[in-house]
Amino acid sequence: MNDLSYSIYSGFDTFMAFLPTLLGVIALLLVAWIVATLVRKGVDKGLKAAKFDRLLTKWGVTSSDEQAKDTIGSIAKALYYLIWLLFLPGILGMLGLNAISEPITNMLNSVLVFLPKLFAAAVIFGIGTFIARFVKDLVFNLLSAVDIDKWISKLTNSETSSEDGSPSENQKRTLAKVLSNIVYIIILVPIITVALETLQIHSISEPIVLVLNQLVAAIPNIIVAVILIAFGMVLAKFIADLIAGLLQGTGINQLNKYLKTPGQETPSTDLAKVVGQIVQVVLNTFFVVEAFNVLNLEVLNTIGQAIIGYLPLVLSALLIMGLGVIGGTLLGNFIIQTTGRKMSGNIVKYILIVVSVFMGLDQLKFATSIVNFAFLLILGGLSVAFALSFGIGGRDFAKHQLERLEDKMDKEKKEKDFSDKENK
């Protein structure tokens, strides 16, 4: 009985010793609940009274007023739980649970130390974004005022919706938007770099800052490359128009008559314009490759060198095929006019055109072995077919077909002779 009394007495003493701690914990819980509740209600009502929900909708953060109010409620709840988190280490410490409270305390200390940096980075980013947007809108309005798209359309002879050279709806203010966005990015990149450095999270910020610094260092080269391409486009267009005008004065379009066969209308191809466009494409290619060299990117430089190296082959292939078409047409017309056999002339014409196409493909190094094999296969197939027509079991058929062919050619010759007599 004495032991039981002693145990009760000892337990009562322990409880009485713990009672102040328990009361302190209860009081701290009550204070935490009151503070957290007041902060939640104050933030919720204060932001709504300040019309912050309308600002969220105006900034595009939310799509409706209801969603904006829900967002404000979420912010208030987040602060409510944050207050509880701030009181939690003290409550756990009073209960003697230091093993749990110390990690939470360290985390909160790290967060509190990081918050000023985050706030400074947010302020820098916000101010920088405001300045970048202001400059962007300023540049856009200035370019729209001078109607830069209209001038570019005139320089490049782009298709427009009106006779005065103004851009169509799809082209309207396109260049102004692009240039203003480029200015916006140029201003925003260094601001993002400063904001990331303010956070001092080196494992995250250093790689990003390194990339942004490289981008900032490349911006002058990019600007020079863009200016070089724009200047090249204008210069190429001017030279192309000049060459087209000079060639039209020499009467190069009269060569169209050599591209027609007797009885057909003269083709309406503007050869002077075609030559001018080819010159324009070549000059534009040179300027684009030079812009690649200015950017000093290995991949683009390799591509540019490959284009320049391949360009002579393309030009020589076009020349070969052009000469093949003109030469085939001239020779075919000559045969038709001298022999009166239209079919023979067309056969010679298309044989020369096909040969020139194969020569052009070979010049382009376009699957050389396949092209050569295909040409030999076609030539061999025609030879074998012709030989077999006089060979095994086909002599009568071949004889009949040759007789029909001869009759047709004689008929064409008689018609030609008759037309010549009528003309005389």
Cα extents of segment 33-153 along the three principal axes, largest first (Å):
78, 30, 19
Could you check the spin-label model distance between ILE75 and LYS48? Points 7 Å from the Cα along Cα→Cβ, value in nm.
1.4
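How much net charge surrounds ALA76 when only the other residues with a Cβ under 14 Å from the Cβ of ALA76 are counted, with Lys and Arg +1 and Asp and Glu -1?
Values: positive: ARG40, LYS41, LYS45, LYS48, LYS69, LYS77; negative: ASP44, ASP53, ASP70.
It works out to a net charge of +3.
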Residue by residue, what Karplus-based ³J(HN,Hα) values in Hz, rounded to whole numbers, does segment 219-225 have, using 6.51, -1.76 and 1.60 with θ = phi - 60° and x for Gly and Pro?
4, x, 5, 5, 4, 5, 5
Filter the cross-link list LYS45/LYS69; LYS342/LYS414; LYS41/LYS117 down to pairs whose alpha-carbon distance in this structure exceeds 20 Å.
LYS41/LYS117
Rounded FRET efficiency, nearest 0.05, which uses the C-beta distance separating VAL178 from VAL113 and R0 of 35 Å
0.25
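Throughout, read-outs are computed from the coordinates displayed, never taken from laboratory work. Everything numeric in this text was worked out from a predicted model, so none of it was measured. Neighbour counts run over all protein chains shown; Cβ positions are idealised from the backbone, glycine included.
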